[in-house]
Every structure is written in structure tokens, then in C-alpha cells.
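The values are calculated or read from the model by the stated rules, or taken from the named source; none is laboratory data. Keep in mind it's a predicted model, so treat the numbers as computed, not measured. Cβ: placed from backbone, ideal geometry, glycine included. Neighbour counts: every protein chain shown.
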Amino acid sequence: MRYKYSYVGLFFCFSLLFFFSPLILAEKQAITHVVQKGDTLWSICEKYYGDPYLWPELWEMNKFITNPHWLKPGDVITLLEYEKKETPIPAKREAALQAEKPSELSQEPEKPREIRGIHVASLANVEALGFLRQNSIEPWGRIFDFEAEKVLIGENDIVYVKMYKEGIQPGDTFTVYNISKPIKHPVSKEECGYIHSFKGVLMVEEVKEDYCVGRIRESFRTIYKDDLLIPYHPVSPCVLLLPYHGDLTAHVIAAKDNLQLHGQYSVVYIDSGFEEGLRRGNIFEAIEERESYPEEKQSVALPPDILANILILATTEHTSAGVVFQASKDFGNGVKIRPVLWRTQFRGLSSLPTCPVE
């Protein structure tokens, strides 16, 4: 009889597994969210988990997202596998709480906590950073002449533009830029891309049959004939500081305006980007390896000198642009950089004003 009951028990257990295994598997399946206009990782975490501060974990899971506050409608976000944690309330206590609860008409909605970053306008003009990219981008147009006989051009001047794309309308804005000669990596000596230097912002005022009339709305550097145009995208100077997760050694390979020696407030380009995990708001330090010889013909490696701290302000696929916000000594191209040990305050940033991150 003992064996008979054992077989019956086993049969019962297997039956339960047969009926409920689809439900168990369904619970483990990845859940997704299709991004709607206005969504942020903050709002998605608040909606699904009741805790908007889970957004860094959600960002870590969805590595294709380059900016957690600007999501593209239609993108599919993979959600975390846990749900809101709710503690069951005894029936009597729940009834008492409902009686004490004010009516929905009189209850004010709870305001989400505000995410605050730092305002970096005093360190760098974030709209004039430019970028270094392996392949040069295709321009949308070119400045071919000026209204007056001028060699160079500045703010509020009228320019004549040849556009290569159709559908241009008055009011369209473009970034004025030029492209450098091929840049060689200071360590590998191989060609690593082109610096796209941003020079200003142009607004189209009139669309003629063969050309457009534009006005220079803002000028970062001197603008010349044959400078190129790409669509303008505003960049917020409010930066949310974020730790870099992982171990990475990269290099400074070039700098804005082709400078060879870099110090405080220099904008530098780095040979790693969002594919290597870099994000806007990461902080790196430029280091110089040290070697000593306690005995003849024998060397030991000492902790490196920290030359500078660099705040990442923009990333492309495999490169980044950052600003040196603190420097103990000038340094050149080829210097190594590594993630800093994360701390709540950094010298050179703690005095900057805070701002709400959009």
C-alpha cells in the first residue's frame, strides 16, 4: 500500500506540473514596453514598479538607449522581471484606512521627485562641442556666398546656401560645421576618423528656386565660404552625473580646435563611446604611468599620477567628447583615461549650480 500511495502522489505532482508549467514559464518571460511620446525611463519605472528611482537598472538592461531622458517613440524597452512589492493589509485595517482616506476630488496628486543635474555652461558650450567620428557625415548643404563682400562671417549676417536635400522650409535651423583632415590615433598611429567642428547655427529665411537665404543665428567660431550644414539639434547644458560601471582604459586622441596640449576647460575627444558603455555624465581621469628603479636594471610600477578629471558631455558609437573640469598639469594626445572612483562630490563640479534634468 505504501508504494501505491507513492505512485499516486507522483502522478498528482506531474499532473500539477503539466497544468501549471505554462503559467510558470509565462511569468519568467521578458515583459516589454513600447515607448510612447513623452515617456522617460523615470516615468516607465514609476508606472510599472511604483519606484521611479529604478531607472538606472532599467537603463543598464537596455544598452541601446543613449540618453535615459530622451526616448524614441516606437522603441521597445525590456522591463525588469519583478513587480511592485505590496504588503497585504488585514481586511479590518483596510476598511479603516478607506474610511480615513479623503475623497479623490479633494486629494492632490503626488508630485514626482525631481531629478537634478549640474549646469555646465561655465565649463563648455555644449552646442559647440563638435565630435570625432570614423566616417565623415553627409552634409545637407553648403554656404557658397555672403550678402556683403566679406572674407568671414558672424552673428546676424546673411549668407547664401546651396541645399542638397529637398523639403527645406523657412525657419529650418542648421548647424554650421567643417571637417578636419583624417586624424591619426596617437598610440596606434592608424587613421581613426575626422573632427567635425561646430561653428554656429543658421536659420533659413527664404527658399529660392536654386538656393536658400539664411541668417547666422549664433556664431561659435569664424564662419567661411564652403562651410557645411547639418540639421541643428538643441543640447541641454544640464547634465546628470552617472557612474561608469566596469573597467575601461581609453585614450584622449584629439581635441577641439586641433589643440595638442590640454588643460582646464579643454574639450577633448576619446576613443570609446556608447558601444563601450560610456554615457553623458560619466567622469574619467587622465593618468600618467609611473615607473621607478629601486635597484639597477630593475623597475617597479608605481600608482599613476592623476593629471585631470574629464566630464563626458556627448557620445557617438565609438567616440566621446568631454571637458576637462579639473587639471593638475597639462597633458597631450595619447594620454590614458580611466573611470574615477565614484563619490558624491568632485572638485570643480561641486560649486556649479544644479538644474532639473528634463
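Observations on the model:
- On the stretch given as the stretch 258-271, residues that are surrounded by fewer than 20 Cβ atoms within 10 Å (Cβ to Cβ) and either under 17 Å from GLY334 (Cβ atoms) or at pLDDT below 90 (or both) total 5.
- Some residue of the stretch 196-209 being within 30 Å of ASN333 (Cβ to Cβ), in a loop (DSSP other than H, G, I, E, B) and modelled with pLDDT under 95: no
- Within the stretch 281-297, considering residues that are at pLDDT below 70 and in contact with a strand residue (DSSP E or B) (Cβ under 7 Å, 6 or more places away or on another chain), the one nearest to GLY322 (Cα to Cα): SER292
- Condition check for VAL252: assigned to a strand (DSSP E or B), touching a residue at least 12 places away in the same chain (Cβ under 8 Å) and within 26 Å of GLU127 (Cβ to Cβ): yes
- Residues located in the stretch 261-286, provided they are under 11 Å from THR249 (Cβ atoms) and among the charged types (D, E, K, R): ASP271, GLU276
- Residue pairs meeting the criteria (Cβ under 8 Å; at least 6 apart or on separate chains; first among the aromatic types (Phe, Trp, Tyr), in the stretch 234-249; second buried (at least 18 other Cβ atoms within 10 Å of the Cβ)): TYR244/LEU278; TYR244/ARG279; TYR244/ASN282; TYR244/ILE283; TYR244/PHE284; TYR244/PRO339
- The single residue among SER188, SER180 that is farther than 18 Å from TRP140 by Cα and polar (S, T, N, Q) turns out to be SER188.
- Cβ pairs under 8 Å, 6+ apart, first in the stretch 179-199 and over 13 Å from ILE230 (Cβ atoms), second part of a strand (DSSP E or B) and of a type in the set (Ser, Thr, Tyr): SER180/TYR194; SER180/SER197; LYS181/TYR194; PRO182/TYR194; ILE183/TYR194; ILE195/TYR269
- Filter pass, ASP247 being farther than 25 Å from ARG279 by Cα and either outside the structural domain of LEU41 (by TED's automatic domain parsing) or at pLDDT 95 or above (or both): no
- Any hit, the stretch 295-305, residues being closer than 30 Å to ILE115 by Cβ and of a type in the set (A, V, I, L, M): no
- Sole residue being out of contact with any Pro (no Cβ under 6 Å at 6 or more places or on another chain), surrounded by 15 or more Cβ atoms within 10 Å (Cβ to Cβ), part of a loop (DSSP other than H, G, I, E, B) and not assigned by TED's automatic domain parsing to the domain that holds GLN260, chosen from PRO186, PRO170: PRO186
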